[in-house]
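The values are calculated or read from the model by the stated rules, or taken from the named source; none is laboratory data. Just so you know, these numbers come straight off a predicted model, no measurement behind them. Glycine gets a Cβ as well: all are built from the backbone with ideal geometry, and neighbour counts include every protein chain shown. Note: areas computed on protein heavy atoms with side chains; ligands, DNA, RNA excluded. Shrake-Rupley method; radii C 1.70, N 1.55, O 1.52, S 1.80 Å.
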Amino acid sequence: MDYEPIRKGDVSGFRVAPNLSDYQKAIDRFQWEDIHSDLDWLDNGKLNIAYEALDRHVNSPVRDKVALYWEGKGGEEEKYTFGDLSRLTNRFANVLTGLGVTKGDRVFTYMDRIPEAFVSLLGALKVGGVIGPLFSAFGPEAVRDRLGDCEGKILVTTPKLVNTIHEILDDLPALESIIIVERGEAGYELKNKEVSYERLMGGASEEFELVATDREDYAIIHYTSGTTGKPKGVVHVHEAIVGHYATAKYVLDLHPDDIYWCTADPGWVTGTSYGIFGPWSNGITQVVYEGGFGASRWYKVIEKYKVSVWYTAPTAIRMLMKAGDEVPKKHDLSSLRYLCSVGEPLNPEAVLWGEKVFGMPFHDNWWQTETGCIKIANYPIQDIRPGSMGRPFMGVTPGILDDNYEKELPPGEEGHLALRAGWPSMFRAYWNKPELYESRFKGGWYITGDKAIKDEDGYFWFVGRADDVINTGGHLVGPFEVESVLVEHPAVAEAGVIGVPDPIAMEVIMAFVSLKDGYEESEELMRDIKKFTRKKLHSVACPRKMKFLPGLPKTKSGKIMRRLLKARELGLPEGDVSTLEE
Ligand code: PRX
């Protein structure tokens, strides 16, 4: 709170008038129902995300507008209008129907950010499928855990990736078909259960009668880490589109002439809510860049496609800062008009760096996989307090609760960030885990698991997680998950995992490992253990740092004391160690 606010002044100085012109008025009057009339809906109050994102535009001039500028890793360029995507997704919906997919079946994608990923996800929604987008960076077991948990029926992937998961396919009895997207890489020999995307799409009709889904029908499942066990499937329903649409319009401030770039992958909820549904339900052109991070490369994307609204993440911003202020000067970035960030704390220096280098600050906003859409944000019209996540979105009532989740704490006091339950994109379930789901709600509040402070003016400030979950580069990693993998290694007796500070990713994963009798500590063994984790976990969840210890500090009941490992590693006070079993 030590930084001067960034003043926004009145809207006359804005390049375009913000969609949200008077925050207080909007907050006072807002009802989610007001958003309903902006969407098209199906007959009888039915709602389908793919219809709102694509098909409804087919009856308007938006049909011929570019929906997707795609740039591949190797510089390939493709573009698709809303009309093109509507037809392609119809075809894919027919392909799925031909494979026996019906409403409620789980359809997973496991591929890089290629156009077929978007077609598959939206096509699957048209048949009433529940989509599960996976990162291509997942190892075989991460894929197995997710498909196995919710009995995925279809997997859409590429030859390269399917080769890496052949070994797990026998463990997935519910998986009926694997659709292989070859993308010009002919020569792949189809194996058991595998069918060719290109071949099936070639023979599929462009006409499809969309399955009329109810607003409460399951639509999307994203797996996210928690404190215990395997990742849990966060389930969203078709009504979530109301939240995606409204927040893309009023927080990301998308306007019809914008060229929008969300750098997130659809494997993460940001890449679906704001990399597919939010922009397209608003009829906005977006850029998808398949390649990875690179400062010059990213600036080139902005320059080439004349990106005006850019939604990215703190780790990426800090990497751009590290690359230096000279790099952006080599590019014409004058198309930019609005910058947003999400996923982890955005340090004030990064907010201000935006001002210095692009002539505008980054607008931080806060939400979670479970919330489905942005809940707290900095808006174009409001002063920014660098370091704050901003103020609640319309219709959202956050509170800071005491440790019993009973009492709301006054401004300035740190407590548990909670949200009054009930909004369109609120998750409706953890797949097959009703008790875990219920445990997230107390007295009408949804407990977020974050700690925060609200100031006198209603700005929220992130303090940290209330649990051991680690946020590394915007990805949540449950330490237990990593520990479970580590102890599967034949040499490992026990493992404790913590997050340690990192200037770019905020935190990176550090593992403490004790070895079984008969194993000697060595550099080679450490390398082998790290390699072992890479096979089983998402690359970001693999320990970057590792230390051998003769034994791990545990409570009397045998729980590893991660808090103590962290305090010892960082030279912090050890706190209460009365339960420690030495
Ligand atoms: O701890 C908060 C952090 O990321 C968590 C949500 O992670 P995930 O479900 O993967 O995110 C999905 C889409 C954002 C939160 O509980 N987080 C998110 N945004 C912020 C943040 N921490 C601080 N500031 C933020 N703006």
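Listed here are the residues, each with its yes/no results for (1) among the β-branched types (Val, Ile, Thr); (2) within 18 Å of Arg113 (Cα to Cα).
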site	(1), (2)
Ile168	yes, no
Ile180	yes, yes
Glu189	no, no
Arg199	no, no
Phe208	no, no
Asp214	no, no
Asp217	no, no
Gly226	no, no
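Put simply, of Ile179, Ile165 the only residue that is touching a Pro at 6+ places or on another chain (Cβ under 9 Å), under 30 Å from Val485 (Cα atoms), of a type in the set (Val, Ile, Thr) and buried (at least 17 other Cβ atoms within 10 Å of the Cβ) is Ile165.
Looking at Ala26, Ala67, Ala17, just one residue is in a loop (DSSP other than H, G, I, E, B) and under 21 Å from Leu254 (Cβ atoms), and that residue is Ala17. Filtering Lys535, Lys530 for residues that are surrounded by fewer than 16 Cβ atoms within 10 Å (Cβ to Cβ) and under 24 Å from Trp268 (Cβ atoms) leaves a single hit, Lys535. Among residues of region 466-482 being within 13 Å of Ile560 (Cβ to Cβ) and not β-branched (Val, Ile, Thr), the one that is nearest to the ligand (Cβ to nearest atom) is Asp468. Criterion first (over 23 Å from Val58 (Cβ atoms), aromatic (Phe, Trp, Tyr), open to solvent by less than 40 Å² (accessible area, probe 1.4 Å) and modelled with pLDDT under 95) does Phe138 satisfy it? Against the criterion (over 23 Å from Val58 (Cβ atoms), aromatic (Phe, Trp, Tyr), open to solvent by less than 40 Å² (accessible area, probe 1.4 Å) and modelled with pLDDT under 95), Phe138 qualifies.
Once region 229-239 is narrowed to residues that are open to solvent by less than 10 Å² (accessible area, probe 1.4 Å) and over 15 Å from the mean Cα position of the chain (by Cα), the residue that is farthest from the ligand (Cβ to nearest atom) is His238.
Of all the numbered requirements in (1) among the charged types (D, E, K, R); (2) in a helix (DSSP H, G or I); (3) within 16 Å of the ligand (Cβ to nearest atom), Asp265 misses one, and that requirement is (2). For the residues Gly415, Gly458, Gly444, the requirement of being more than 11 Å from the ligand (Cβ to nearest atom) and open to solvent by less than 10 Å² (accessible area, probe 1.4 Å) singles out Gly415.
Yes/no per residue for (1) open to solvent by 20 Å² or more (accessible area, probe 1.4 Å); (2) more than 11 Å from the ligand (Cβ to nearest atom); (3) outside the structural domain of Gly226 (by TED's automatic domain parsing); (4) touching a Leu at 6+ places or on another chain (Cβ under 6 Å):
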residue	(1), (2), (3), (4)
Gly464	no, no, yes, no
Ser484	yes, yes, yes, no
Val487	yes, yes, yes, no
Ala491	no, yes, yes, yes
Val497	no, yes, yes, no
Val500	no, yes, yes, no
Ile504	yes, yes, yes, no
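Where in region 305-389 are the helices (runs of 4 or more DSSP H), entirely inside, with at least 3 residues that are farther than 22 Å from Ala240 by Cβ, among the aliphatic types (A, V, I, L, M) and open to solvent by 20 Å² or more (accessible area, probe 1.4 Å)?
314-323
Can you find even one residue in region 218-225 that is over 25 Å from Ser37 (Cα atoms) and in a loop (DSSP other than H, G, I, E, B)? Within region 218-225, one or more residues are over 25 Å from Ser37 (Cα atoms) and in a loop (DSSP other than H, G, I, E, B). One residue alone among Leu525, Leu436 is of a type in the set (A, V, I, L, M, F, W, C), in a helix (DSSP H, G or I) and within 16 Å of the ligand (Cβ to nearest atom), and that residue is Leu436. Using the structure shown, decide if Arg297 is outside the structural domain of Pro503 (by TED's automatic domain parsing), of a type in the set (Lys, Arg) and at pLDDT 95 or above. When the stated conditions are applied, Arg297 passes them.
Of all residues in region 344-377, those being modelled with pLDDT under 95 and within 7 Å of the ligand (Cβ to nearest atom) number 3. Checking the structure you have, find out if any residue of region 20-41 is in contact with a strand residue (DSSP E or B) (Cβ under 9 Å, 6 or more places away or on another chain), open to solvent by 40 Å² or more (accessible area, probe 1.4 Å) and over 25 Å from Ala117 (Cα atoms). Within region 20-41, one or more residues are in contact with a strand residue (DSSP E or B) (Cβ under 9 Å, 6 or more places away or on another chain), open to solvent by 40 Å² or more (accessible area, probe 1.4 Å) and over 25 Å from Ala117 (Cα atoms).
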